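To keep things clear, I will list the structure first and then write my remarks on it.
Each value in this text was obtained by applying a stated rule to the coordinates, not by laboratory testing. The shown structure was predicted, so the numbers you read here are calculated from the model rather than taken from an experiment. Using ideal geometry, Cβ is built from the backbone for each residue, glycine included, and neighbour counts are taken over all protein chains shown.
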Amino acid sequence: MLASATPNLPQTSQADGTADPALYHSAHSLSRQPELVGEAPESLEIPSGLRSGHLLARLSIDRFGKVNAVSVLRSTLPHEVEGQIAMQFYQASYRPGEIDGKPVNAEMTLFINLEPN
């Protein structure tokens, strides 16, 4: 038997009807979005000659505030800079997303505009 899926919403799969904690909730299903805790690391080695660029990334943040995956959705930056930015996300700490006051695994999409000085 096939279960029908609601786009971008986790399927409930546990006996108590709650969402499987291994799934990640999309932003519109959260009552509180994930938030950066403290200062973000900011050390990037920008290749000489790079004038500007942007990156659209999706972060998968678990219910403990740890980034488990970074997916680059779109970018005009060199791959080495994309990798450095992704590492910054892995090193940062986040307050997890919440549904009705309970921490849950969540996805967060960010747009980064990089303009070297």
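What are the ³J(HN,Hα) couplings of the range 76-90, residue after residue, when phi is run through the Karplus curve with 6.51, -1.76, 1.60 and θ = phi - 60°? Round to Hz, x for glycine and proline.
Using θ = phi - 60°, the values come out as 10, 8, x, 4, 5, 6, 4, x, 5, 5, 4, 5, 4, 5, 5 Hz.
Among Tyr90, Tyr24, which comes first, second and so on when ranked by fewest other beta-carbon atoms within 10 Å?
Listed from fewest to most nearby Cβ atoms, that is Tyr90, Tyr24.
What percent does the relative contact order of the range 53-117 come to when contacts are Cα pairs within less than 8 Å and at least six residues apart? Don't jump to the answer; show the numbers that get you there.
Numbers: 117 pairs, mean separation 29.6, N = 65.
Reported as a whole number, the value is 46 percent.
Full extension from His28 to Leu50: what is 0.36 nm times the residue separation minus their Cα-Cα distance, to one decimal in nm?
Difference between extended and current length: 4.4 nm.
Arrange His79, His25 by Cβ neighbour counts within 10 Å, fewest through most, would you?
Details: His79 9, His25 19.
Sorted ascending by nearby Cβ count, the order is His79, His25.
Among Gln88, Val72, Ile46, flag the residue with its Cα farthest along the positive direction of the charge dipole of the range 43-88, charges on Cβ as +1 for Lys/Arg and -1 for Asp/Glu.
Val72
So who's got an amide H within less than 5 Å of the one on Arg63, skipping anything under 5 residues away but keeping other chains? H placed 1.01 Å off N, in plane.
Asn105
Sorting Arg32, Arg74 on the 10 Å Cβ count, fewest up front, what's the list?
Working: Arg32 16, Arg74 9.
In increasing order of surrounding Cβ atoms, one gets Arg74, Arg32.
Using the C-alpha gyration tensor of the range 53-117, what are the square roots of 5 times its eigenvalues, in whole angstrom, with the largest one first?
So the equivalent ellipsoid measures 25, 11, 10 Å along its semi-axes.
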